[in-house]
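The values are calculated or read from the model by the stated rules, or taken from the named source; none is laboratory data. Being a predicted model, the structure only gives us computed values, none of them experimental. Don't worry about glycine lacking a Cβ; one is built from the backbone with ideal geometry, like all the others, and counts go over all protein chains shown. Heads up: the accessible areas ignore ligands, DNA and RNA and are worked out on the full protein's heavy atoms, side chains in. Shrake-Rupley method; radii C 1.70, N 1.55, O 1.52, S 1.80 Å.
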Amino acid sequence: MAKREILQYPDPRLRTPAKRVEVIDDRVRALVEDMFETMYDAPGIGLAATQIDVHERIVVMDVSESGDEPQVLINPEIIERAQTCDIAEEGCLSIPGYADNVERPDALLLRAQDIDGNEFELRAEGLLARCIQHELDHLEGRLFIDYLSDLKRKRLRRRYEKTARQRAEQTNRSGAV
């Protein structure tokens, strides 16, 4: 297992849609292990492969309070969403230090494959439903901030672009001889 680097907003690779996993083999299983290690270390409750610059439809999650109920979703698709919604605060490992309220359907029915390639359906509500929708958005190249007002998104983008420039300048200075 190896911890992977999580892409940080506004990295354009976060906007790359993921492709379907055609074969679930040892490479995919090793990737899933790396994703869990990365997610737990961050720490987070969900991670999409897109966030580690692997553009395949793979999500790992663990919304349990004890952090011992890992879930793997390969080729996930939402087949039904509730008509009712709730608003709750969301954050993202790719947008550290920022959280905001997002409205989402409060329940869903999902179809996916497990690590052995078996197809299954999952009914989810509450935090699990929210986490699934958040992570599946990543697979489509969307971020939770896309649900915010234009003004909030513009301010946030400027803030993170400034931070990225400052990091790059520090790296250049420390690498200079």
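Data overview
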| quantity | calculated |
| --- | --- |
| In the stretch 109-120, the residues that are closer than 22 Å to Asp86 by Cβ and open to solvent by 10 Å² or more (accessible area, probe 1.4 Å) | Leu109 |
| Given (1) β-branched (Val, Ile, Thr); (2) open to solvent by less than 50 Å² (accessible area, probe 1.4 Å); (3) free of Cβ contacts under 8 Å to residues at least 60 places away in the same chain, number of the condition Ile95 does not satisfy | (3) |
| Number of the exception - Asn172 against (1) free of Cβ contacts under 8 Å to residues at least 12 places away in the same chain; (2) of a type in the set (S, T, N, Q); (3) within 23 Å of Ala88 (Cβ to Cβ) | (3) |
| Selection count where residues are open to solvent by 80 Å² or more (accessible area, probe 1.4 Å), out of contact with any Leu (no Cβ under 6 Å at 6 or more places or on another chain) and free of Cβ contacts under 8 Å to residues at least 60 places away in the same chain, scope the stretch 1-25 | 9 |
| Count of the stretch 31-64 residues which are open to solvent by less than 70 Å² (accessible area, probe 1.4 Å), under 19 Å from Ala129 (Cβ atoms) and part of a loop (DSSP other than H, G, I, E, B) | 5 |
| Residue check, Gly67 open to solvent by less than 50 Å² (accessible area, probe 1.4 Å), more than 14 Å from Arg130 (Cα to Cα) and either among the charged types (D, E, K, R) or not in a strand (DSSP E or B) (or both) | yes |
| Test: residue in the stretch 79-95 that is under 13 Å from the mean Cα position of the chain (by Cα) and among the β-branched types (Val, Ile, Thr) | yes |
| Test set (1) open to solvent by less than 30 Å² (accessible area, probe 1.4 Å); (2) among the β-branched types (Val, Ile, Thr); (3) not in a helix (DSSP H, G or I) - Val28 fails condition number | (3) |
